[in-house]
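All remarks here apply to the structure that follows.
We did not get these values from a lab; they are worked out from the coordinates using the rules stated. Treat the numbers as computed from the prediction; the structure is a model and nothing was measured. Neighbour counts run over all protein chains shown; Cβ positions are idealised from the backbone, glycine included.
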Amino acid sequence: MSFYGNMPAGGALEGAVPTLFEVLAAQEVDGLLPVALRYVLVKYWAERRPGRWSLACAGWFDEWCSLGLKGALEWYHLGRHDAAFVDKYYGLQQYDCSGQEGARAYISLALDGKLDQWPQKLRLRKSQRLVLWLQRVLAPYFRAKLDALHTRLQVRDALSPVQQWFKRLYPHFKRAWLLLDLCARLAFLSGATQSTSLLEWVFKVGYTRVLVPLHKEQATGPREYTRPPHYNSASVKHDMRTLLSQGWRIAAFTGSQVFPSCMFALKVYQWWIGQDLTTKLLRQINSIDKEIPRPPTDLTLRDLGSGNCPVCSLPITNPAIIETGFTMCYPCAVGYLREHEGRCPVTDARLLGCTFNADSGEWDVLPSVRKLLL
């Protein structure tokens, strides 16, 4: 797949059309940024300094970051650069490919160095910018919320007709949309289209590398005064605008140099955290049987009797022990935990090893049950 992802997808416009790998890499970084920011926020602020504002920022992260901050950044970059925030730093931009022949002619001229400014006819329309903004900002947000809602509905028994309809049809709708997006990417890879998703293909939005600037750089030289300048409100506003413009150019140039380095460091940090997490999990798995928790001394919740199973109230046969430290019949333990959503028959506490399997529709309780050899 990496071989096909690096193949040029432009045909005659090979130098202008990016490879599928470049587009997917930019989208991967775009999805990684909120996750990394959330991890840093929770790990180094909310956990170390729990308070009203830190917990609120962590709890409403999707709203203020994924919708507010990212939405503002994407809207500005789509309007100013015809490119998303991350695409701009990858040297990519999007254009209006509704007139394919004219677009190919303009891009050929840009490849030959005969254009000093991106043609106005290839600039994105307002409707296209809005669709790209919805695809970049709102679609991932609602997809995450709908996935979480579908997961919650999997473990509930009493559902309304609307919830049952959503639980049954949402996975099929999601698979169909992913399949259509895959077809669009295969068409982009074959050179049949310049769009990498279904929405981009419907609204005629194509991908290209940045060949010429969107705006002409206006030569700004020092002002020559024939007389000493007289400062008034207009001259002060002009000087402030000039100063802010120069500061913004310096900040943009610094960001273009620092941002790729930060992305590389972020990927290395993600790999380091993943390796550390894997090591911790292996240590926990290897030491899971070293210390079996003792049962609580207060057994007033239920009269267990002596040597009887707390589920069937008969003498224990084929003994097994669960996470809370109680001993019972192995078939009784497995059957009770599956029927009661992984809760202990004595303390009614949810066992950590019991998880719900969405594919089979049943609770996986075997990691919480250990057989005893007597």
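The table that follows gives values for the structure above.
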| quantity | calculated |
| --- | --- |
| Derived scalar couplings ³J(HN,Hα) [region 310-315; Karplus, 6.51 cos²θ - 1.76 cosθ + 1.60; whole Hz; x for Gly, Pro] | x, 9, 9, 6, 10, x |
| Interchain or long-range residues, amide H under 5 Å from Thr355's placed H | Asp364 |
| Relative packing of peptides 157-164, 128-135, 240-247 - highest average C-beta neighbours within 10 Å first | 128-135, 240-247, 157-164 |
| Centroid-to-centroid separation of region 36-59 and region 168-196 [C-alpha atoms, Å] | 36 Å |
| Net length gained if the chain between Ser54 and Tyr39 were fully extended (0.36 nm per residue, minus Cα distance) | 4.1 nm |
| Under the Karplus curve 6.51 cos²θ - 1.76 cosθ + 1.60, θ = phi - 60°, whole-Hz ³J(HN,Hα) for region 99-107, x wherever Gly or Pro sits | x, 5, 5, x, 5, 5, 5, 5, 5 |
| Test item: Cα-centred dipole of region 2-216, Lys/Arg +1 and Asp/Glu -1 on Cβ, debye | 680 debye |
| Mean separation of Cα contacts under 8 Å, 6 or more apart, over the residue count of region 2-216: relative contact order % | 29 percent |
| Prolate/oblate/rounded label for region 19-81 (Cα gyration tensor, a/c 1.5) | oblate |
| Euclidean distance of C-alpha centroids, region 79-137 and region 346-363, integer Å | 50 Å |
| Chain lengthening between Glu341 and Ser190 when straightened (0.36 nm per residue, less Cα-Cα) | 49.5 nm |
